[in-house]
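Here is the structure we will look at, set down as structure tokens.
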Amino acid sequence: MCGNGVRCVGHLVVARGRAPAGAVTIETGRGVLTLDVRPSGPRRSQVRVEMGEPLLAAADIPVAGLGDGPLVDVACPALGPEAAWWQASGLDPRMTCVSMGNPHAVLYCRDVAAVPLEAIGPRIEHHESFPRRVNVHFVEVLADDHVRIRTWERGSGITLACGTGASAVCVAGVLTGRTSARLAADLPGGRLDLEWDGSGSVFMTGPAEEVCEGVWFGD
């Protein structure tokens, strides 16, 4: 499941005339998702995605060895012993774990730029607590409805954006009381708007824009 990827597919389905603008359904590994695709230019759309309900039970994420229920503001054993960057970044060493069809660990700090993501990201991703590895997000709360995120994506490394991750951050913010049901998330690649009222589906809204076109010559 890829939140940013499904927006791109939704844009192309409409832009190539395979479906009219408006409601589009796309089958993913997370299930069938409903999108609202609104063209905003010849090669650009604004897309709202119903991302489905977050999975919060440890076994569903999955997370091992930290209990069976929701893991909200629990100690993160993958961090290891306290290090100098904890104080520099204002780290809260507790994590909240969420699955949006893929696993996410969300941690909060005062300054995401001070997190040595290239070092701590892979340590958390591959920790034994996460049997299928995990996407790691460090979040700086700018206001009740506004955050800044840096992401280490499992199998990829530091990434410019993560739609499922931003959705997980919205869920974590509501569960921990740090942020509101409507959230603007600034990522290095741009902004996403999220909504989650504490039950039911998470909604994610963001742009999709064509930047190049080519031909793949297979073997």
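Summary table below
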{"quantity": "Search result, residues across the range 176-203 that are out of contact with any Asp or Glu (no Cβ under 9 Å at 6 or more places or on another chain), without any contact (Cβ under 8 Å) to a residue 24 or more places away in the chain and part of a loop (DSSP other than H, G, I, E, B)", "calculated": "177, 197"}
{"quantity": "Strands (runs of 3 or more DSSP E) wholly inside the range 106-175 containing at least 3 residues that are buried (at least 21 other Cβ atoms within 10 Å of the Cβ)", "calculated": "135-143, 146-153"}
{"quantity": "Which listed residue, of 23, 78, 57, is in contact with a strand residue (DSSP E or B) (Cβ under 9 Å, 6 or more places away or on another chain), buried (at least 16 other Cβ atoms within 10 Å of the Cβ) and aliphatic (A, V, I, L, M)", "calculated": "78"}
{"quantity": "Residue tally, condition surrounded by fewer than 19 Cβ atoms within 10 Å (Cβ to Cβ) and under 26 Å from residue 117 (Cβ atoms), over the range 181-204", "calculated": "7"}
{"quantity": "Complete set of residues in the range 12-42 that are in contact (Cβ under 8 Å) with a residue 60 or more places away in the chain and in contact with a Pro (Cβ under 8 Å, 6 or more places away or on another chain)", "calculated": "15, 40"}
{"quantity": "Hits in the range 16-55 (condition: in a loop (DSSP other than H, G, I, E, B) and more than 21 Å from residue 193 (Cα to Cα))", "calculated": "16, 17, 18, 19, 20, 29, 42"}
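Here, each number is a calculation from the coordinates, and none is a lab measurement. Because the structure is predicted, anything quoted here is derived from the model rather than measured. Every residue, glycine as well, gets a Cβ built from its backbone with ideal geometry; the counts of neighbours run over all protein chains shown.
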